[in-house]
Every structure is written in C-alpha cells, then in structure tokens.
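The values are calculated or read from the model by the stated rules, or taken from the named source; none is laboratory data. Remember, predicted model here, so these are calculated numbers, not experimental data. A quick note on method: Cβ atoms are made from the backbone with ideal geometry, for glycine too, and the neighbour counts reach across all protein chains shown. Note: areas computed on protein heavy atoms with side chains; ligands, DNA, RNA excluded. Shrake-Rupley method; radii C 1.70, N 1.55, O 1.52, S 1.80 Å.
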Amino acid sequence: RNTVTTLAEIEVPNEKFIYGTIWEGEGTEAAPYVISDDKDFVSLSRILSTEMGYEKFSDCHFILGKSIDLKDVVLNPICTKEERPFKGYFNGNSHKISNLKIDYSETTASGIFGYIEDAVIKNLTIENSDIESEYLYTGTVAGFATRATIENISIIGKIRQYTSELKVDACEYAPKST
C-alpha cells in the first residue's frame, strides 16, 4: 500500500529541488516512515499539500528518527485543507523539534499540522517555536483537531494569532500522572 519512495513520482508545485528518497519505512505501524532531518520534515509538509501526496500518505504512520532543528526553515503546516486533514499517526519518539517557525496565511488553520482528524500525535518536545497566523484556528501542534489524540507533548514557544475572536471547543486536558 503506500510504496511511493521517490519525490519524482509526486509533482510538488513550485519545487526548485528534488530529494531522492523521501523517507525510510513503509508507513505502517510496524515500519513507519522515518523523518530523520529537516529536509524530511519539509518534504512531509510539501508532499501532503498535494492531492496525490495526500491520497498516498495522509493516513500513514510516521516517526521521528532523531531530534531536528528547523532554524533555517519557515514551515508550511502539514495538511492545510479542511477537506484533507492528516489522519495518520505521528510519533515524536521522545525527540525534539527545535526552532519551529510557521508564518502562513494561506489556510484557516496553522500549526505543525493545519487540520487533523482521527489522528494520533504523541511523544514530542517542541522548543523555541514561533507560530504566527491571522486565522482563528492556530496552535503549535495542530490548528484544528477533530477526534484526535495529542499526548505526551511538551511545548516551549510562542503563538501570535491575529483575530478578534478566540475560541476553544471541546478540548480536554489530561495531565500525566506521576
């Protein structure tokens, strides 16, 4: 199922460079796609923004292979369309994403993931994040989440959201028991 492994098989609009192999793995629970560096992470964002990439990868399993530093990257959220949310599994594997910067105004939801639905995001530390958005749905992990599990996440950073309305619906917080 999801065996595409080269970017040449997916057309990414306005792409000036091509990565060879996208990610190691098969996208399954037993063999998740491994995100090993900033280029892999940017590829995830860019590929899932395309219709073909979304169809092939939006419900897959991903895992961070090591901590990554995004200091020279302004990231576009992953899955920026409400009708195409991320429905997969992202395990940070107790690693860290540092210097995350998102300044994106082409979607109504901003965060690492724009929209997630029935997804699992877990085991991740995010340090020195800087999220800026003019839209209502803004967060560090996800801008808009439906029936999603977000657990064991640590965030140090800032969010600047420029709108006259701020709203949180049906949000539950369960602190880690010691």
Please calculate the 1.4 Å probe accessible area of Ile63, with all protein chains present, and give it to the nearest 10 Å². 40 Å²
Can you list the residues, at least 5 places off or on another chain, whose amide H is less than 5 Å from the amide H of Phe90, using H built in the peptide plane? Phe62, Val120, Ile121, Lys122
What are the residues whose amide H is under 5 Å from the amide H of Glu127, where those residues sit 5 or more places off or on another chain and H is modelled from the backbone? Ile97, Ser98, Asn99, Leu100, Ile156
Checking the stretch 38-111 for GluC sites (Glu not before Pro) in a loop per DSSP with at most 12 other beta-carbon atoms within 10 Å yields Glu83, Glu106
If you average over every viewing direction, what projected area does the convex hull of the Cα atoms of the stretch 24-74 give, in nm²? 3.6 nm²
Using amide H atoms built 1.01 Å from N in the peptide plane, name the residues 5+ places from Glu24, or on other chains, whose amide H lies under 5 Å from its own. Val34
Answer rounded, prolate or oblate for the stretch 20-111, using the Cα gyration tensor with square roots of eigenvalues a ≥ b ≥ c: rounded when a/c is under 1.5, else prolate when a/b is larger than b/c, else oblate. oblate
